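Colleague: Take this structure, written in structure tokens, and hold onto it; I'll ask about it next.
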Amino acid sequence: MLPETQKILSITDKTAQKLAKLNLHTLWDLALHLPLRYEDETHITPIADAPFGQVCQVQGEVFFQQVQFKPRKQLIVRIKDSAGTPLVLRFLHFYPSQQQQLAVGKKVRALGEVKHGYFGTEMIHPKIHSAENTSLAEHLTPIYPTTAGLNQSTLHRIIQAALTHLNHTETLPESLLASLNLPPLMDSLRLLHNPPPEIAAHTLTDQHLPAWQRLKFDELLAQQLSMQLAKQKRFSGSAKPLLGNGQYTQKLLNTLPFSLTQAQQRVIAEIQHDLAQNHPMHRLLQGDVGSGKTIVAALAALTALEDNNHFQVAIMAPTEILAEQHYLKFKQWFTPLGIEVAWLSGSLKKKEKDAAKSALADGSIRVAVGTHALFQNDVSFQNLGLVIVDEQHRFGVAQRLALKNKGEDVHQLMMSATPIPRTLAMSFFADLDVSSIDELPPNRTPITTKLVNNIRREEVEGFVLKTCQMGQQAYWVCPLIEESETLQLQTATETLATLQDALPQLNIGLVHGKMKAAEKAEVMAKFVSGSLNVLVATTVIEVGVDVPNASLMVIEHAERMGLAQLHQLRGRVGRGSAKSTCILLFAEPLGELSKARLKVIYEHTDGFEIARQDLNLRGPGEFLGARQSGVPMLRFANLEDDLLLLEQARNIAPQLINTQPNVVTHHLDVWLHNKKDFLTA
Ligand code: ADP
Ligand code: MG
């Protein structure tokens, strides 16, 4: 926090540090730090009328107090209100000061949720106020998100100071607000921080309240402005056009055992068009599992290299297994063209890593394939021109930025099998061009999906045996155990042992996330070469693995998995000429959501349709999860409910950028001062 801000608020360094933990650095940050909810301490409910399971405030006199030790140490207090109705107040943690406050004979107010308890009707850990000579609150009490050591009243006081200082400031032109029928910003903030006496709690949390609409609009506008500015900036950029001359791409195409699908040809043309511009490409290539994105990536890389070999290309994938597969593919394709490919992953020995790094730094190798290792600080490129990120949603924005920033005005190609929902494409990814491969390569055998109750597991084992005896191979995916990696590993080992017992005729291997990369690679190599019949795997094989001879996929406890995950897993089979099957084992009882998901995956094979249904089941928030995409969440607006506001913000943004640059700068400063970079990645 700036010293002058701290002075205005008259707070200590220590408090400023606490605020920093909440990401509150400026007066505007404080003003926009809105209550999570409100507590109603404006009136007293007779204990007899207190609604079960809802928060309310009661008042009474203490007539009993005892510290009990069984079943555990707790403070039991009994009060009685003026009508004589008793209520138990129970505290599992308490201080001597609380015991004093709740001494027999004291009149107190207790705010909490009334429940049926062991000791009778009770409140656990209610908020206690003395009722001696204190009048009731006049308005609702805002409750803010806070951090240890910063209590509600201090935070409220600091926010008040910020509001007072900002007083009548307005960030947007009046005419604009009038046309959208939105209230002034400061009025909206004051209402939400200091609700007037007559307003009820449920009115304040109603998202249609004009005050909330105003905040949501402002938030979406900030996001649109920053996206559209990022786009302008990109277009005024000075990237070197990468004009391929076909010398490598043609040669590779001639040696491929297949010809490109129409869709692949179209997206390559789109990518090559982008590469030929003098501003950096920012393109997402989306295509269903198995649609053939890898060859498109390879052709993009070759186009960049054809340009007099000035530029370097980095291809990054989120897992060792996937990155290594890419490495092997690229090496197989590029070596005959005389192009060397470097391999960089966290598991390399120091000597090998150093060799790869120096070859990339001095430019003697022009293509790098790798994992997260690629964007570490100690990796540099002589002249990075193109970055390709596979399964891009698996990387955080900061990670993609870190790689891109290893060159100047670098062209970016991102790839994903999970299509972006329209609302997100419109908002968060507004500065993203999208190419879609909407056609699978020919001669794919459709995959038959079967839902099988886990109690029929033996039949499934028999089917595995039959499949492998016909010369094909199978994946057996272990149940997902999100809570514990140790448990996950244990389950995987058990699954392996059970299968080996049941199918002694077969060679069965195991690959899991905790294995060393070299071990993983060894097992994968055995499976690829066919010396293993069955590969037992945790979901590490989810992305990108390509073994055409594998025609059977068994997924245990499929009911625990998400739709995107199931679809990706299923996509590992059906890549060769044999008829393929995916068996989804499920265990009863099934929850509603699990049932719905299994139905979708059973009925549909088209990834785009599955993603659409997934969106219906989960809502778009999930796609934005920071874990997946690294895009900061919207705080107030919600893409499902606020589409109209989003469209308004989207339409108004260019107008403001053109006519009122000062308004734009200020608005962005208020809303995004510390995350501008993130939104433009
Ligand atoms: P994904 O889009 O899931 O990354 P891949 O690039 O791994 O898919 O391709 C899946 C498989 O399809 C690979 O074995 C690849 O060689 C093959 N393939 C790609 N394009 C074609 C095509 N046009 N015709 C036939 N096979 C293809
Ligand atoms: Mg792939």
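The values are calculated or read from the model by the stated rules, or taken from the named source; none is laboratory data. It should be emphasised that the depicted structure is a prediction, and the values quoted were computed from it without experimental measurement. So basically every Cβ, Gly included, is an ideal-geometry build from the backbone, and we count neighbours across all protein chains shown. Quick note on the areas: whole protein, heavy atoms, side chains included, nothing else; ligands and nucleic acids left out. Shrake-Rupley method; radii C 1.70, N 1.55, O 1.52, S 1.80 Å.
Colleague: Projecting each Cα onto the charge dipole of the chain (Lys/Arg +1, Asp/Glu -1 at the beta carbon, about the Cα centre), which of THR493, HIS202, GLN57 comes out farthest on the positive side?
Modeller: My answer, from the dipole projection, is THR493.
Colleague: How much of the accessible area of the chain, probe 1.4 Å, is carbon plus sulfur, in whole percent?
Modeller: Numbers: 16160 of 31340 Å².
Here it works out to 52 percent.
Colleague: Putting +1 on Lys and Arg Cβ atoms and -1 on Asp and Glu Cβ atoms, find which of LEU563, ILE388, ALA162 reaches farthest to the positive end of the dipole of the chain.
Modeller: Selected residue: ILE388.
Colleague: Also, I was wondering about something else. Would you mind telling me the antiparallel percentage of the DSSP bridges in the chain, rounded to 5?
Modeller: Rounded to the nearest five, the antiparallel share is 35 percent.
Colleague: Output the relative contact order of the chain, whole-number percent, from Cα pairs under 8 angstrom with separation of 6+ residues. Show your work: numbers first, answer last.
Modeller: Numbers: 1203 pairs, mean separation 86.1, N = 681.
It comes to 13 percent, rounded to a whole number.
Colleague: Something else about it: Along the Cα-to-C-beta direction of ASP409, a point sits 7 Å from the Cα; which residues of segment 192-235 have their amide N less than 14 Å from that point?
Modeller: Only 232-235 pass the distance filter.
Colleague: What is the helix-to-structure angle for 643-659, meaning the angle in degrees between its Cα long axis and the longest Cα principal axis of the chain, kept from 0 to 90 and rounded to the nearest 10?
Modeller: 80 degrees
Colleague: Right, next: How large is log10 I(q)/I(0) at q = 0.14, 0.18, 0.34 Å⁻¹ when the Debye formula is applied to the Cα atoms of segment 569-608, each weighted equally and without solvent?
Modeller: -0.40, -0.62, -1.24
Colleague: Still on this model: Under 29 Å Cα-Cα from LYS18, which lysines qualify once same-chain neighbours fewer than 8 residues away are excluded?
Modeller: Within the straight-line limit of under 29 Å, LYS18 reaches these lysines: LYS7, LYS127, LYS216, LYS675, LYS676.
Colleague: Here's something else I'd like to know. Suppose every Lys and Arg Cβ carries +1 and every Asp and Glu Cβ carries -1, with no other charges. What dipole size does the chain come out with about its Cα centre, to the nearest 20 debye?
Modeller: On the way: 65 positive and 67 negative charges, 263 e Å.
It works out to roughly 1260 debye.
Colleague: Also, I was wondering about something else. Let me have the 222 nm mean residue ellipticity of the chain computed from DSSP H runs of 4+ only, each contributing -39500 (n - 2.57), with the sum over all residues rounded to the nearest 500. Walk me through the numbers on the way to the answer.
Modeller: Details: 26 runs with 279 residues, N = 681.
That calculation yields -12500 deg cm²/dmol at 222 nm.
Colleague: Compute log10 of I(q)/I(0) for the chain with the Debye formula, placing one identical point scatterer on every Cα and leaving out solvent, at q = 0.08, 0.09, 0.12 Å⁻¹, to two decimals.
Modeller: -0.81, -0.96, -1.28
Colleague: Taking segment 350-454, which chymotrypsin sites (Phe, Trp or Tyr not before Pro) meet the DSSP loop condition and have no more than 10 other C-beta atoms within 10 Å? If you can, show how the numbers build up before the last one.
Modeller: Numbers: sites: PHE375, PHE381, PHE395, PHE428, PHE429; in loops: PHE381, PHE395, PHE428, PHE429.
Here no chymotrypsin sites (Phe, Trp or Tyr not before Pro) fit, given the DSSP loop and packing criteria.
Colleague: Of LYS329/LYS351; LYS466/LYS599; LYS240/LYS516; LYS21/LYS357; LYS331/LYS595; LYS329/LYS595, which pairs sit farther than 32 Å apart, going by alpha carbon to alpha carbon?
Modeller: Working: LYS329/LYS351 24 Å; LYS466/LYS599 27 Å; LYS240/LYS516 40 Å; LYS21/LYS357 37 Å; LYS331/LYS595 43 Å; LYS329/LYS595 38 Å.
Those over the limit are LYS240/LYS516; LYS21/LYS357; LYS331/LYS595; LYS329/LYS595.
Colleague: I need the shape label for segment 240-299. Rule: rounded when a/c is under 1.5, else prolate if a/b > b/c, else oblate, with a, b, c from the alpha carbon gyration tensor.
Modeller: Numbers: a/c = 2.55, a/b = 1.25, b/c = 2.04.
It comes out oblate by the Cα gyration axes.
Colleague: Oh, and also: What whole-number distance in Å separates the alpha-carbon centres of segment 552-604 and segment 64-86?
Modeller: Here the answer is 54 Å between Cα centres.
Colleague: I'd like to check one number: the per residue accessible area of the chain, probe 1.4 Å, reported in Å² as a whole number. If you can, show how the numbers build up before the last one.
Modeller: Working: 31340 Å² over 681 residues.
The answer is 46 Å² per residue.
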